[in-house]
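The values are calculated or read from the model by the stated rules, or taken from the named source; none is laboratory data. Source: prediction; values computed, not measured. Neighbour counts run over all protein chains shown; Cβ positions are idealised from the backbone, glycine included. Areas reflect the complete protein model, heavy atoms only, side chains present, ligands, DNA and RNA absent. Shrake-Rupley method; radii C 1.70, N 1.55, O 1.52, S 1.80 Å.
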Amino acid sequence: MTYAIGRRGVLAGIGMLFLGACSKVADTKIGGSLLSASEKWHMGIHRSLSDRMALAREYTRAERSPTFRGNGSVTVDTPQYEAAVEAGFSDWKLEVGGLVERPLSLSMDDIRALPQRTQITRHDCVEGWSAIGEWTGPQLSQILDAAGVKDAAKFVVFRCADTLAGRRYYESVDMVDAYHPQTIIAHMLNEEPLPVKNGAPLRMRIERQLGYKHAKYLTGIELVDSLDDIGDGEGGYWEDRSGYQWYAGI
Ligand SMILES: Nc1nc2c(c(=O)[nH]1)N[C@H]1C(S)=C(S)[C@@H](COP(=O)(O)O)O[C@H]1N2
Ligand SMILES: [Mo]
């Protein structure tokens with residue numbers, strides 16, 4: 001698990017920083033900076049990681065938008081999806097594979113049986129609209145830990161059921177966003193099962209990223225060491241098609 005190892009390294013770094021700074025404060029002959037180059041390096045890593053792990057703002061129920069619009073694909077235009085809607089998604093499977101110790105095939109009941117997180121957040125779309133909604137689902141980190149992420153994994157790819165302009169929608173994030181506490185696989189919006197227009201039965205919420213990263217109609221999660229061979233190699237549908245930034249942090 002790359003992130004946990006990274007965090008232990010950072011914590012060790014902070015420990016060294018304080019020890020180092022204290023011993024130098026006792027030393028009356030310090031010239032220039034109190035911090036060594038390696039201490040500055042640790043502090044820099046800590047600042048950037050802690051900034052990336054910071055939580056997105058959460059709102060109250062009173063602040064929820066009265067409606068949460070559907071954008072991009074608002075359904076999946078296949079007989080299989082229509083049948084899945086009819087069946088109440090009882091046969092929907094989320095496949096977890098790639099660089100994992102234990103590939104998983106999770107049913108909706110499996111997803112609902114995991115510990116759940118609920119968060120009321122603002123979605124920002126690059127097309128110039130925002131909406132506040134209440135999302136519920138398990139944290140992605142739980143599913144990654146259950147599958148056992150191999151050390152070689154660097155990215156998580158989200159596979160989707162829908163096709164736009166002849167291309168299958170997909171997205172990807174790095175391990176920092178994958179393990180962010182507000183990165184959840186949502187199956188509910190505003191206390192109801194996720195509507196079709198918003199990605200039923202499962203969609204990503206990646207709260208520190210812009211709207212196009214939040215993959216809807218989720219069918220698979222794949223751990224990879226490179227994005228080069230996926231789609232056109234830019235890491236996502238819009239990144240491939242229109243040159244949107246892969247890192248869409250907010
Ligand atoms: N599978 C899939 N996911 C997608 C899209 C899409 O077209 N297909 N559109 C993206 C964009 S640009 C936005 S803004 C959000 C919209 O989510 P919403 O339909 O719940 O408003 O989904 C994102 N995820
Ligand atoms: Mo968007």
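Among the conditions (1) more than 16 Å from ligand 2 (Cβ to nearest atom); (2) touching a residue at least 24 places away in the same chain (Cβ under 8 Å); (3) not in a loop (DSSP other than H, G, I, E, B), the only one that P115 does not satisfy is (3).
Which of the following residues is buried (at least 21 other Cβ atoms within 10 Å of the Cβ), at pLDDT 95 or above and either part of a strand (DSSP E or B) or within 16 Å of ligand 2 (Cβ to nearest atom) (or both): A131, A215, A200? Steps first, answer last, please.
On the way: A131 fails: buried (at least 21 other Cβ atoms within 10 Å of the Cβ); A200 fails: either part of a strand (DSSP E or B) or within 16 Å of ligand 2 (Cβ to nearest atom) (or both).
A215 is the lone residue from the list that is buried (at least 21 other Cβ atoms within 10 Å of the Cβ), at pLDDT 95 or above and either part of a strand (DSSP E or B) or within 16 Å of ligand 2 (Cβ to nearest atom) (or both).
When the range 134-147 is limited to residues that are over 30 Å from A62 (Cα atoms) and open to solvent by less than 10 Å² (accessible area, probe 1.4 Å), the one that is nearest to ligand 1 (Cβ to nearest atom) turns out to be I143. Restricting to the range 218-238, name every residue that is open to solvent by less than 10 Å² (accessible area, probe 1.4 Å) and within 16 Å of ligand 2 (Cβ to nearest atom). Those that are open to solvent by less than 10 Å² (accessible area, probe 1.4 Å) and within 16 Å of ligand 2 (Cβ to nearest atom): G235, G236, Y237.
Which ones in the range 156-166 are assigned to a strand (DSSP E or B) and within 16 Å of ligand 2 (Cβ to nearest atom)?
Result: F158, C160, D162, L164.
Across the range 53-67, which residue is farthest from the chain's Cα centre (by Cα) among those that are of a type outside the set (A, V, I, L, M, F, W, C) and loosely packed, with under 14 Cβ neighbours inside 10 Å?
For the range 53-67, the residue satisfying everything is P66.
Selection over the range 59-76 of residues that are part of a loop (DSSP other than H, G, I, E, B) and either away from ligand 1 (no atom under 12 Å from the Cβ) or under 18 Å from L202 (Cβ atoms) (or both) gives a count of 12. The set of residues in the range 167-183 that are in a strand (DSSP E or B) and in contact with a strand residue (DSSP E or B) (Cβ under 9 Å, 6 or more places away or on another chain) comprises R168, Y169, Y170, E171, S172, V173, D174, T183.
Within the range 184-193, the set of residues being in a loop (DSSP other than H, G, I, E, B) and crowded, with 22+ Cβ neighbours inside 10 Å comprises just one member, H187. The one condition from (1) open to solvent by less than 60 Å² (accessible area, probe 1.4 Å); (2) among the charged types (D, E, K, R); (3) at positive phi that D177 does not meet is (3).
When C125 is tested against the conditions (1) more than 16 Å from ligand 2 (Cβ to nearest atom); (2) closer than 21 Å to T183 by Cα, the lone failure is (1).
Within the range 68-108, the set of residues being open to solvent by 50 Å² or more (accessible area, probe 1.4 Å) and within 16 Å of ligand 2 (Cβ to nearest atom) comprises R69, G72, V74.
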